[in-house]
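Derivation of every value follows stated rules applied to the coordinates shown; laboratory data play no part. Quick caveat: nothing in here was measured; it's all calculated off a predicted structure. Cβ sites come from the backbone with ideal geometry, for glycine too, and all protein chains shown count toward neighbours.
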Amino acid sequence: MDVQVTTLDGKSAGSISLADEIFGLEPRTDILARTVRWQLAKRQAGTHKTKTRGEVDRTTAKMYKQKGMGRARHGARSAPQFRGGGKSFGPVVRSHAHDLPKKVRTLALRHALSAKARAAAIIVIDALSVKKAKTKALREQFEKLGIANALLIDGETIEDTFRLAARNIANIDVLPVRGINVYDVLRRQTLVLTRNAVIALEERLK
């Protein structure tokens, strides 16, 4: 699959061929859904916590006598049915992460890239490079290219001036190629790749 390459100024910079093994698959939503669920579960903090009956510091003195009151028998104020008592079966600190085979994660990334290619939502740019870290100027360049909601992937590193210029633009994410992931690819409308990113992805996923 051949794709036209452009510059940030909107000028033509030739073309590049995208490998069908990575960008030409039939996307499987089940694999994509599994991987997104794995990513979101892994990032959950899991720090939610309520006190159980054994952790509440309340009196254990008997509230009233055992018999003759016509009421249920109670011994401790820390019981869950009382105000200020412990929570019964409440959340505890834990990890929400679960396993997902590496081969499935790699396949899901191929399918996510293929989904963007099938939707004609991939733009290849020669390089993500600007002379000055000016957000307004970069925003205007994006508007000319029709980039409003996008994930931008560069090579091994992101140029500091470009990163600084892009970090304040809404709905724009910038990542090095090693940080590309299924969730971020799918959550943005457009995927913007540099030549270096395409080469690195093909070396990694072929």
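Key figures
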read-out	value
The chain: Cα Rg divided by the 2.2 N^0.38 Å rule of thumb	1.62
Mean Cβ count within 10 Å, highest first, over the residues of peptides 95-107, 183-195, 22-34	183-195, 22-34, 95-107
Cβ crowding within 10 Å averaged over residues, with 68-77, 125-134 ranked highest first	125-134, 68-77
Amide N of the range 14-44 lying under 12 Å from the label point, which is placed 7 angstrom from the Cα of Lys206 along Cα→Cβ	17-22
DSSP-defined antiparallel bridges as percent of all bridges, the chain, nearest 5	20 percent
Reachable lysines from Lys42, criterion Cα separation under 28 angstrom, eight or more residues apart if same chain	Lys51, Lys87, Lys102, Lys103, Lys116, Lys206
